[in-house]
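Colleague: Quick one: this structure, given as structure tokens, is what I'll be asking you about.
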Amino acid sequence: MIDRSESESRKLLVRLRDTMAEEAAGQERLDKITHLTADSMGTEVCSVYLFRDDDTLELCATEGLKQEAVHRTRMKLGEGLVGRVARTGKMVNTADAPSERGFRYMPETGEEIFSSFLGLPIQRLGEKLGVLVVQTKDKREFTHDEIYALEVVAMVLAEMAELGAFVGEGAALKARHTQPTMIRGITGQEGTTEGHVWLHEPRVVVTNLVTEDPQRERERLRTAVEQLRVSVDEMLEGASGEQLEVLEAYRMFANSKGWRTRMEEDIDRGLSAEAAVEKEQSVARARMSQVADPYLRERLHDLDDLSNRLLRILTGQGRETGAEMPADPILVARNIGPAELLDYGRRLKGIVLEEGSVGSHAAIVARALAIPLVIHAQRITNEALNGDHIMVDGDHGIVHLRPDDSVVSAFRDKIAMQAQAQERYTSIRQKPATSLCGKRVTLLMNAGLLADLPSLPTSGAEGVGLFRTELQFLIRNQMPRRKELVETYKRVMDAAGDKPVVFRTLDIGSDKVLPYMKPNDEPNPALGWRAIRVGLDKPGVMRMQIQALLRAASGRPLSVMFPFVAQYEEFRAARDEVQKAVAIERKLGRAVPEKITIGTMLETPSLAYASKKFFEDVEFISIGGNDLKQFFFAADRENERVRRRYDTLNVSFLTFLEGIVQRCSESGTPLSFCGEDAGRPIEAVCLAAIGLHKLSMRPASIGPVKSLVMRTDLDALYDVICDARERGEQSVRESVLEYLRWNG
Ligand code: PEP
Ligand code: MG
């Protein structure tokens, strides 16, 4: 039996749809909607408030309040009950609005005579567009059914707004997706670029929102869910590790009765099957922005992905929309896996992600491909449309979508200046990095993928100071086989020719979790079972890797470095593994490298205080500044808030590094520095000034660093550092900048 409230709600939706189908201006449509809604719900007032800008709402249409107030009454986010609904994204339902906390009386609307108030957010896929309100004179709370009916109206309004149904005069009625928008995110990879949006997951457009035939829509939904279930089951076969976990969650949702029932209820109230899916998706997105627990957030993401799949089945819109990729594509996505990113390869001019993290695999790949990347660009997938003009400032983590002329010209000036600088760097590519005082600084590059290697000749790097072997493991869905590793390492050595390459053995754990290995539930992964600790406790993979390196070298010299060694004994044990592997290879009659150099990263303060014997024994040391700095200051390198608090040029840190330089020079141990700071020109010259004459960095940094080294008197700079230290400055940065301003 059809519930009366359901049939009322359906009637209202059909009337709304017909209104939309009529030829009318945006304002006229909104007026009709408020009229119809008030009429259908038996309320004296129905009003629509839309966002005029990010934090101002404007009354755009009303039935029941004074018409003079339309486009005049405005409120800030959080102001009054309407502002509260907009800020929190949550309903307000009260019988006595004037006595409600935060109520604000708007005299121009004449609302003092209305007592009850029901306000709901108008939002689409987590994006807030405005607030829909009904009010009555008599004191009463709205029933569950009434709330539900209004929710459905709000949803239709949001969809209509998306389709541009209310475009008209006035700032609040402007077409969406046409305004210039600036989004502030976080730098994933430096560089500035301009191009056109290419959506990794093109938006599904739902045009039929309303139905008069719920039975048919229920059937469509049922068939689509069934199809979805089958496809998830198919994906599950052959899945493993983290992927399996995600798919299990998909299956759980696809089989969830609650999810289905809620969508069926929406259909019974007049929504089409796809509109019902989208309504559920909107609810999940709205929750997502409020949930702090990462596990729950992930599950809401799963639900979101699943809704997208279902929408694609229902609308027949695949990922392939027929749109042509622009010649200068800037990829916009919520997130992307490293393998998918590699598929796009160097075609992309830039990448903007709504999520991601500095240490994520996608960021690692973007860096390898030297593509500017901005992460945490909130709302970008809602705001951007395929083909939109977009400018990406990876240096500052800023994205300009549909920029206006003034932004375009300022941005182009910046790009031109960078291009000029790049030309300067090209002209010094073949020159050695020798300072004004005659010190020779060796500049090497960090790498980890085959995609990095073309940068070796083009950047002017003198070799690879750090080859992060874990990246080959991270970008795949299963453990690579030894044969494949031999092939990869061989290609790396071939590409390097006679330039040296330092291979670092697997550094997993902490932020680098292999998708196909059981994750360790550790309270503090950065201080946990990672890198050499895993390598020594479970030596299988490390042994395979060492063997692969020996075979790839096949007689050529080889440099091996161990990550995260915190005490002498770990180095000794790891070195034994290499020696054992060499003995086995010899026994098997295989060629072994003519010379093997075995060194270690210095990433924990403890190793700086290891015995003299250790320094004499190890063949080289490379300071991993990223980890070393996080442990020195006890500040998580992935946590922007604390990371930025401690300057690399802090006197304590520089003095500590100088101590390491001192110890290595006493024992004659070759020393280098391979953290991110080596690639920042100011930091790099300071490191060189305190005696670190071998720096390994991302390839794009070699030019800028070399250029500054060549213009700097490192002895004089060292005096500047010592003077600042003497004066008790916390960081030497200001003094160094001042010196370089006049002398650099
Ligand atoms: C470091 O810690 O500085 C380093 C180079 O290693 P990773 O960034 O791979 O941890
Ligand atoms: Mg490290």
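Colleague: Which pairs do you get when a residue that is more than 19 Å from I598 (Cα to Cα), found in segment 653-682, comes within reach of a residue that is away from ligand 1 (no atom under 16 Å from the Cβ) and at pLDDT below 95, reach meaning Cβ atoms under 7 angstrom, with the pair 6+ apart or on two chains?
Modeller: Once the first residue is more than 19 Å from I598 (Cα to Cα) and sits in segment 653-682, its partners that are away from ligand 1 (no atom under 16 Å from the Cβ) and at pLDDT below 95 give P681/P704.
Colleague: Can you name the condition, by its number, that A688 falls short on among (1) within 16 Å of ligand 2 (Cβ to nearest atom); (2) under 15 Å from T442 (Cβ atoms); (3) at pLDDT 95 or above?
Modeller: That leaves (1) as the condition not met.
Colleague: Provide a single number: the residues in segment 433-447 that are on the phi < 0 side of the Ramachandran plot and assigned to a loop (DSSP other than H, G, I, E, B).
Modeller: First, pick out the residues of segment 433-447 that are on the phi < 0 side of the Ramachandran plot: 433-437, 439-447.
Next, from what is left, pick out any that are assigned to a loop (DSSP other than H, G, I, E, B): 435-437, 439.
Matching residues across segment 433-447 total 4.
Colleague: Could you list, ordered by first residue, the pairs with Cβ atoms under 7 Å in which the first is in segment 98-127 and without any contact (Cβ under 8 Å) to a residue 12 or more places away in the chain and the second is not in a loop (DSSP other than H, G, I, E, B), at least 6 apart or interchain?
Modeller: Cβ pairs passing all conditions: Y105/E112.
Colleague: Would a scan of segment 367-379 turn up a residue that is surrounded by fewer than 22 Cβ atoms within 10 Å (Cβ to Cβ) and free of Cβ contacts under 8 Å to residues at least 24 places away in the same chain?
Modeller: No - not one qualifying residue is present in segment 367-379.
Colleague: What number of residues in segment 262-273 are within 9 Å of E217 (Cα to Cα), assigned to a helix (DSSP H, G or I) and open to solvent by less than 10 Å² (accessible area, probe 1.4 Å)?
Modeller: Matching residues across segment 262-273 total 2.
Colleague: Further question: Taking into account only those residues within segment 474-504 that are within 27 Å of L247 (Cβ to Cβ) and open to solvent by less than 10 Å² (accessible area, probe 1.4 Å), which is nearest to ligand 1 (Cβ to nearest atom)?
Modeller: We begin by selecting, within segment 474-504, every residue within 27 Å of L247 (Cβ to Cβ); these are 474-481, 484.
Okay, now just the ones that are also open to solvent by less than 10 Å² (accessible area, probe 1.4 Å), so 474, 480.
On the way: L474: 11, P480: 18 Å.
Checking each candidate, the answer is L474.
Colleague: Can you list residue pairs whose Cβ atoms sit under 6 Å apart, with the first residue in segment 440-468 being of a type in the set (F, W, Y) and the second being open to solvent by less than 10 Å² (accessible area, probe 1.4 Å)? Count only pairs 6 or more apart in sequence or on different chains.
Modeller: Listed pairs, sorted by first residue: F467/A447; F467/F503.
Colleague: Does segment 533-544 contain at least one residue that is within 16 Å of ligand 2 (Cβ to nearest atom), more than 24 Å from the chain's Cα centre (by Cα) and open to solvent by 20 Å² or more (accessible area, probe 1.4 Å)?
Modeller: Yes, segment 533-544 contains at least one residue that is within 16 Å of ligand 2 (Cβ to nearest atom), more than 24 Å from the chain's Cα centre (by Cα) and open to solvent by 20 Å² or more (accessible area, probe 1.4 Å).
Colleague: Starting from residues that are buried (at least 24 other Cβ atoms within 10 Å of the Cβ) and more than 13 Å from ligand 1 (Cβ to nearest atom), keep the ones in segment 686-696 and report whichever is farthest from E734 (Cα to Cα).
Modeller: Going through segment 686-696, the residues buried (at least 24 other Cβ atoms within 10 Å of the Cβ) turn out to be 686-689, 695-696.
If we keep only those that are more than 13 Å from ligand 1 (Cβ to nearest atom) as well, we get 686, 688-689.
Details: C686: 12, A688: 18, A689: 16 Å.
Per the criteria, the residue is A688.
Colleague: Here is a follow-up. With a cut-off of at least 2 residues that are within 15 Å of ligand 2 (Cβ to nearest atom) and either under 20 Å from G528 (Cα atoms) or open to solvent by less than 60 Å² (accessible area, probe 1.4 Å) (or both), name the helices (runs of 4 or more DSSP H) lying wholly within segment 594-648. Full working, then the answer.
Modeller: Numbers: elements: 605-608, 612-617, 625-633, 640-643.
Helices (runs of 4 or more DSSP H) meeting the threshold: 605-608, 625-633.
Colleague: Condition first: more than 21 Å from L13 (Cβ to Cβ) and either surrounded by 15 or more Cβ atoms within 10 Å (Cβ to Cβ) or at pLDDT 85 or above (or both). Now tell me which residues in segment 274-290 satisfy that. Give the steps one after another, and end with the answer.
Modeller: As a first pass, look at segment 274-290 and keep what is more than 21 Å from L13 (Cβ to Cβ): 284-290.
Residues satisfying the conditions are A284, R285, A286, R287, M288.
Colleague: Something else about it: What number of residues within segment 649-680 satisfy the criterion of being away from ligand 1 (no atom under 15 Å from the Cβ), closer than 26 Å to P699 by Cα, outside any loop (DSSP other than H, G, I, E, B) and open to solvent by less than 10 Å² (accessible area, probe 1.4 Å)? If you could, list the steps in order and put the result at the bottom.
Modeller: Here is the first cut: in segment 649-680, the ones away from ligand 1 (no atom under 15 Å from the Cβ) are 649-652, 654-655, 658-659, 661-670.
Next cut, closer than 26 Å to P699 by Cα only: 649-650, 654, 658, 661, 669-670.
Pick out the ones that are also outside any loop (DSSP other than H, G, I, E, B) and you get 650, 654, 658, 661.
Next, only the ones that are open to solvent by less than 10 Å² (accessible area, probe 1.4 Å) stay: 654.
The qualifying residues number 1.
Yes/no per residue for (1) among the polar types (S, T, N, Q); (2) part of a helix (DSSP H, G or I); (3) open to solvent by less than 30 Å² (accessible area, probe 1.4 Å):
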{"residue": "Q422", "(1), (2), (3)": "yes, yes, no"}
{"residue": "K431", "(1), (2), (3)": "no, no, no"}
{"residue": "E462", "(1), (2), (3)": "no, no, no"}
{"residue": "Q472", "(1), (2), (3)": "yes, yes, yes"}
{"residue": "L506", "(1), (2), (3)": "no, no, yes"}
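Colleague: Now for a different question. Of all residues in segment 253-275, count the ones that are under 18 Å from R229 (Cα atoms) and out of contact with any Phe, Trp or Tyr (no Cβ under 7 Å at 6 or more places or on another chain). Even if it seems obvious, please write down each step before you answer.
Modeller: Filtering segment 253-275 down to residues under 18 Å from R229 (Cα atoms) leaves 253-264, 273-274.
Remaining after also requiring out of contact with any Phe, Trp or Tyr (no Cβ under 7 Å at 6 or more places or on another chain): 254-258, 260-264, 273-274.
Residues that pass the stated criteria total 12.
Colleague: If you take the residues of segment 711-720 that are over 39 Å from the mean Cα position of the chain (by Cα) and either within 20 Å of K694 (Cβ to Cβ) or in contact (Cβ under 8 Å) with a residue 40 or more places away in the chain (or both), which of them is least open to solvent (accessible area, probe 1.4 Å)?
Modeller: Looking at the filtered set, the residue picked out is A716.
Colleague: Output the number of the condition that E585 fails; it satisfies all remaining conditions of (1) open to solvent by less than 20 Å² (accessible area, probe 1.4 Å); (2) charged (D, E, K, R); (3) within 16 Å of ligand 2 (Cβ to nearest atom).
Modeller: (3)
Colleague: Please work out if D723 is open to solvent by less than 20 Å² (accessible area, probe 1.4 Å) and charged (D, E, K, R).
Modeller: Working: open to solvent by less than 20 Å² (accessible area, probe 1.4 Å): no; charged (D, E, K, R): yes.
So D723 does not fit the description; no.
Colleague: Let me ask another. Mind checking whether some residue in segment 552-569 is charged (D, E, K, R) and within 19 Å of M445 (Cα to Cα)? If you could, list the steps in order and put the result at the bottom.
Modeller: Residues of segment 552-569 that are charged (D, E, K, R), as a first pass: 556, 569.
Add one more test, that the residue is within 19 Å of M445 (Cα to Cα), and what stays is none.
No, because not a single residue in segment 552-569 is charged (D, E, K, R) and within 19 Å of M445 (Cα to Cα).
Colleague: Given the criteria part of a helix (DSSP H, G or I), within 16 Å of ligand 1 (Cβ to nearest atom) and within 20 Å of V560 (Cα to Cα), does L536 qualify? So that I can check it myself, show each step before the final result.
Modeller: Numbers: part of a helix (DSSP H, G or I): yes; within 16 Å of ligand 1 (Cβ to nearest atom): no; within 20 Å of V560 (Cα to Cα): yes.
No.
Colleague: Could I ask something else about it? State all residues of segment 404-429 that are touching a residue at least 12 places away in the same chain (Cβ under 8 Å) and hydrophobic (A, V, I, L, M, F, W, C); if no residue qualifies, say none. Can you show your working first?
Modeller: Kept after step one, since they are touching a residue at least 12 places away in the same chain (Cβ under 8 Å), are these residues of segment 404-429: 404, 407-408, 411-412, 414-415, 418, 421-422, 424-426, 428-429.
Passing the criteria: V407, V408, F411, I415, A421, I428.
Colleague: Could you list all residues from segment 181-231 that are farther than 30 Å from D388 by Cβ and without any contact (Cβ under 8 Å) to a residue 60 or more places away in the chain?
Modeller: Result: D213, Q215, R216, E217, R218, E219, R222, T223, E226, R229, V230.
The values are calculated or read from the model by the stated rules, or taken from the named source; none is laboratory data. Owing to the predicted nature of the structure, the values given are computational and were not obtained by experimental measurement. Using ideal geometry, Cβ is built from the backbone for each residue, glycine included, and neighbour counts are taken over all protein chains shown. We work out accessible area using only protein heavy atoms, side chains counted, and drop any ligands, DNA or RNA first. Shrake-Rupley method; radii C 1.70, N 1.55, O 1.52, S 1.80 Å.
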